[in-house]
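Contents: one structure, followed by commentary.
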Amino acid sequence: MKKNIKFYSGAELVAKAAIDAGCRFFGGYPITPSSEIAEHMAKELPKVGGTFIQMEDEIAAMGSVIGASLAGKKSLTATSGPGFSLKQENLGYAYMAEVPVVICNVMRGGPSTGLPTALAQADIMQAKWGTHGDHPVIALTPAYLEEVYELTIKAFNYSEIYRIPVILLLDELIAHLSTAIELPDKDLLVIKDRRKPTVTPDKYFPYDTAYGDVPPMANFFEGYRYHVTGLSHNKTGFPTTDPDLVQADQERHLRKVNANKGKIIDFESYKMKDADIVVFAYGSTSRAARVAIDNARKLDIKVGMVRLRVIWPLPEAEILKLCSKVKAIIVPEMNMGQLSNVIEKYAADRTKIVRINHVGGVPIHPSNILDVIKEVR
Amino acid sequence: MAFDYEKYLRMDKIPHLWCPGCGIGVVLKAMLRAMENVNWERNDTAFVSGIGCTSRAPGYIDCNTLHTTHGRGLTFATGIKMAQPDKNLVIFSGDGDATAIGGNHFIHACRRNIDMTLIVVNNNIYGMTGGQHSPTTPIGFKASTTIYGNVDPSFDICLLARAAGATYVARSTVNKGRTLEQYIQRGFENKGFSVIEAVSNCHTQFGRKNNMSDPISSRKWIEDREIPLAKARDMKAEDLKNMVITGEFITEKSDLERWENYNRAEKEYTEAYSDIIKKVKKK
């Protein structure tokens, strides 16, 4: 059988996977280190009848993808830290109005303009709490190019299944890395689309919970003529200030992801069977950790890794289990401890949390992690 | 025969939230008549808005309606139009929404010239938030953030739209519903980005602070300052201070200001993009 092996960059794979997932609109704004995604989309979208537009700013780009999604096209935007900050307002709108979109944030050093061209994992908490108010979050952190393709498709599927914006968090290194990979057979891909209403327009409500926590979604111009707002709304889509309705709606929004955590949580356990030290990692730093673990094993150190493919929601049960099993959890991150702060909360003195925090823009070297493993053994 | 507004309105949402005597209703009704004049189907038409009193208009219209974030209505509308280029798009915005927080989107929507119509209801004030001054509050007038008199110069929305590249630009006032209807209709008929500014009264938040606290005196103030564009052309600049110049600033038929748009594309944006799709689409 002829293998589908080709050279791709991470950015190219985000674009390719998006189109394979059915994405037919991209609204973006140039920003390093994510611009290549926009460039690939500008080239590829018209070939499949899709549309690309470069908007006047990041805010506009986010607005345009929400509009296009409401008009029935799966939509993608891509950005980096400062642009992700600007997108937070309309990102909140997408959560509130329950519009499926995918936002790829190729992370760079912050705060502010920071380190535009360097590696960082600076937006772990921005992805979780960047926009105001409470909302469900799904954020994915691929570490390999095969995974960029796979998780981009998953991002679109989750956004369609749960009617929420989904965040794809790429390290700069992953977006810019080029390597030969084998892509899965297109015919075998699982592609999910938003659930459409089965009722006639006169019986349709855009936020009708009679169908479960994720109401069926009619697209604009399909005859349903409904209203969408960022204000707290009732099932008809019109504003309400009824305390009980607002409370129930916010709880439903969170439940969309919380009640489905088991299906969404995704991590890899590497050499964990006998491990009494664990490296808890995600994205490009997990690749350094893997090398460090292999080298530590040669020194008979029982160390393994839990690697997050989905960073939000976190695998809380697994973390709690680790806390009572291992003597140390090492968390290497290209930030000042955004994830380790959270892990520490779960550990609550039951195990030691050891942080490795590099923010200089240079990848964490396997030897940096190995040194720490040796220290805590 | 009386016009059947109920055909286009969500009657269960009436009464509306606007103050008695507010000019926004005049604009909404003019828009509905224009919509009937061009025979737009409700299913094929979307109304988009940002935040503010004017931005509540779409909610009353029985079409596909989208009430977005402050100043950003145009960006959502752009996405909708790019996704479904054969549908009709109308954006409602106020002076603060369109020219302050949404100013960047406003000029770029004009430049891009995507086939959509923006209706800006200009009442010289932030009404919903309690009467703060906007980019169109005249110098010397009072607002809750200019209690000693405004020193902040104004935008001229139509001149801004014209310079930025909109291909139909017109201004009238809520004293002239028929003229508004005509201009809005021409905006709908223009294959490109159209801006219709409707100068309106906010007696509640603007008039009250400036000795015209009822709708009649507020509208009289607008009427007294109105000067048709043709007449304004022959007037001295100092005589036009704080005046409301009404008329069509750019029409597709007139070539009066065509030189200003020498960079204009031959084709409307979504049509030009469809050509690209036709050219590169995989067989």
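The single condition from (1) within 17 Å of the chain's Cα centre (by Cα); (2) part of a loop (DSSP other than H, G, I, E, B); (3) crowded, with 24+ Cβ neighbours inside 10 Å that A:Leu119 fails is (1). Among residues of region B:62-82 that are within 7 Å of chain A (Cβ to nearest Cβ), those with a Cβ under 7 angstrom from a residue that is of a type in the set (Lys, Arg), sequence gap 6+ or separate chain, pair up as B:Asp62/A:Arg225; B:Asp62/B:Arg10; B:Asp62/B:Arg42; B:Cys63/A:Arg225; B:Cys63/B:Arg42; B:Asn64/A:Arg225. Taking each residue of region A:56-73 that is more than 7 Å from chain B (Cβ to nearest Cβ) and looking for partners that are open to solvent by 20 Å² or more (accessible area, probe 1.4 Å) with beta-carbon atoms closer than 7 Å, six or more apart or interchain, yields A:Glu58/A:Tyr29; A:Glu58/A:Leu86; A:Ala61/A:Tyr29. Put simply, of A:Lys43, A:Lys47, A:Lys16, A:Lys3 the only residue that is in a helix (DSSP H, G or I) and in contact (Cβ under 8 Å) with a residue 40 or more places away in the chain is A:Lys16. When you check A:Ile161 against the structure, is it in a helix (DSSP H, G or I), among the aliphatic types (A, V, I, L, M) and surrounded by 23 or more Cβ atoms within 10 Å (Cβ to Cβ), yes or no? No.
When the residues of region A:225-256 are filtered to those that are more than 9 Å from chain B (Cβ to nearest Cβ) and of a type in the set (D, E, K, R), the one that is surrounded by the fewest Cβ atoms within 10 Å (Cβ to Cβ) is A:Asp244. Scanning region A:126-159 for residues being within 24 Å of A:Leu231 (Cβ to Cβ) and acidic (Asp, Glu) gives a total of 1.
Please enumerate the residues belonging to region A:257-311 that are among the small types (Gly, Ala, Ser), surrounded by fewer than 18 Cβ atoms within 10 Å (Cβ to Cβ) and in contact with a helix residue (DSSP H, G or I) (Cβ under 6 Å, 6 or more places away or on another chain). Once the filter is applied, which keeps residues that are among the small types (Gly, Ala, Ser), surrounded by fewer than 18 Cβ atoms within 10 Å (Cβ to Cβ) and in contact with a helix residue (DSSP H, G or I) (Cβ under 6 Å, 6 or more places away or on another chain), region A:257-311 yields nothing. Tell me the residue from B:Gly187, B:Gly207, B:Gly247 that is farther than 29 Å from B:Ala77 by Cβ, surrounded by 12 or more Cβ atoms within 10 Å (Cβ to Cβ), at pLDDT 95 or above and more than 14 Å from chain A (Cβ to nearest Cβ), please. Being farther than 29 Å from B:Ala77 by Cβ, surrounded by 12 or more Cβ atoms within 10 Å (Cβ to Cβ), at pLDDT 95 or above and more than 14 Å from chain A (Cβ to nearest Cβ) holds for just one of B:Gly187, B:Gly207, B:Gly247, which is B:Gly207. Quick check on A:Pro136: is it over 23 Å from A:Leu308 (Cβ atoms) and part of a loop (DSSP other than H, G, I, E, B)? So A:Pro136 fails the test.
A quick yes/no check of all residues on (1) under 28 Å from A:Leu170 (Cβ atoms); (2) part of a helix (DSSP H, G or I); (3) not polar (S, T, N, Q):
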{"position": "A:Val228", "(1), (2), (3)": "no, no, yes"}
{"position": "A:Leu320", "(1), (2), (3)": "no, yes, yes"}
{"position": "A:Val326", "(1), (2), (3)": "no, no, yes"}
{"position": "A:Ile330", "(1), (2), (3)": "yes, no, yes"}
{"position": "A:Tyr346", "(1), (2), (3)": "yes, yes, yes"}
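Taken together, the residues in region A:348-377 that are surrounded by fewer than 17 Cβ atoms within 10 Å (Cβ to Cβ) and assigned to a strand (DSSP E or B) amount to 2. Taken together, B:Asp115, B:Asp97, B:Asp12 contain a single residue that is among the acidic types (Asp, Glu), surrounded by 18 or more Cβ atoms within 10 Å (Cβ to Cβ) and in a helix (DSSP H, G or I), which is B:Asp97.
Condition first: out of contact with any His (no Cβ under 9 Å at 6 or more places or on another chain) and surrounded by fewer than 24 Cβ atoms within 10 Å (Cβ to Cβ). Now tell me which residues in region A:74-90 satisfy that. Result: A:Pro82, A:Ser85, A:Leu86.
Conditions (1) part of a helix (DSSP H, G or I); (2) aliphatic (A, V, I, L, M); (3) over 28 Å from A:Gly360 (Cβ atoms), marked per residue:
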position: A:Asp249; (1), (2), (3): yes, no, yes
position: A:Lys256; (1), (2), (3): yes, no, yes
position: A:Arg290; (1), (2), (3): yes, no, no
position: A:Met305; (1), (2), (3): no, yes, no
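Residues in region A:65-109 that are part of a helix (DSSP H, G or I) and over 22 Å from B:His70 (Cα atoms): 1 in all.
Taken together, A:Val362, A:Val303, A:Val342 contain a single residue that is modelled with pLDDT of 95 or more and closer than 30 Å to A:Val257 by Cβ, which is A:Val342. What are the residues in region B:118-159 that are touching a residue at least 24 places away in the same chain (Cβ under 8 Å), open to solvent by less than 40 Å² (accessible area, probe 1.4 Å) and outside any loop (DSSP other than H, G, I, E, B), if any? If the condition is that a residue be touching a residue at least 24 places away in the same chain (Cβ under 8 Å), open to solvent by less than 40 Å² (accessible area, probe 1.4 Å) and outside any loop (DSSP other than H, G, I, E, B), then B:Leu118, B:Ile119, B:Val120, B:Val121, B:Asn122, B:Ile125, B:Ala143, B:Ile157, B:Cys158 are the ones that fit.
Checked against the criterion of being β-branched (Val, Ile, Thr) and more than 14 Å from chain B (Cβ to nearest Cβ), the candidates A:Thr141, A:Thr77, A:Thr51 yield just one match: A:Thr141. Inside region B:78-94, can you point out the residues that are surrounded by fewer than 24 Cβ atoms within 10 Å (Cβ to Cβ) and either assigned to a strand (DSSP E or B) or among the charged types (D, E, K, R) (or both)? Across region B:78-94, the qualifying residues are B:Asp86, B:Lys87, B:Asn88. Of all the listed residues (A:Pro46, A:Pro33), the sole one being within 8 Å of chain B (Cβ to nearest Cβ) and open to solvent by less than 10 Å² (accessible area, probe 1.4 Å) is A:Pro46.
Every condition in (1) within 14 Å of chain B (Cβ to nearest Cβ); (2) more than 20 Å from A:Arg108 (Cα to Cα); (3) not hydroxyl-bearing (Ser, Thr, Tyr) is met by A:Ala17 except one, and the failing one is (1). Suppose we keep only residues that are surrounded by fewer than 24 Cβ atoms within 10 Å (Cβ to Cβ) and within 10 Å of another protein chain (Cβ to nearest Cβ) within region B:25-48. Which one would you say is farthest from A:Met96 (Cα to Cα)? Ranking the candidates gives B:Glu41 first. Screening B:Ile51 against (1) more than 10 Å from chain A (Cβ to nearest Cβ); (2) in contact with a Gly (Cβ under 9 Å, 6 or more places away or on another chain); (3) open to solvent by 50 Å² or more (accessible area, probe 1.4 Å); (4) part of a loop (DSSP other than H, G, I, E, B) leaves a single unmet condition, (1).
The values are calculated or read from the model by the stated rules, or taken from the named source; none is laboratory data. Because the structure is a prediction, the values reported are computed rather than measured. Note that each Cβ is placed from the backbone with ideal geometry, even for glycine, and that neighbours are counted across all protein chains shown. The area values use the complete protein model at the heavy-atom level, side chains included, leaving out ligands, DNA and RNA. Shrake-Rupley method; radii C 1.70, N 1.55, O 1.52, S 1.80 Å.
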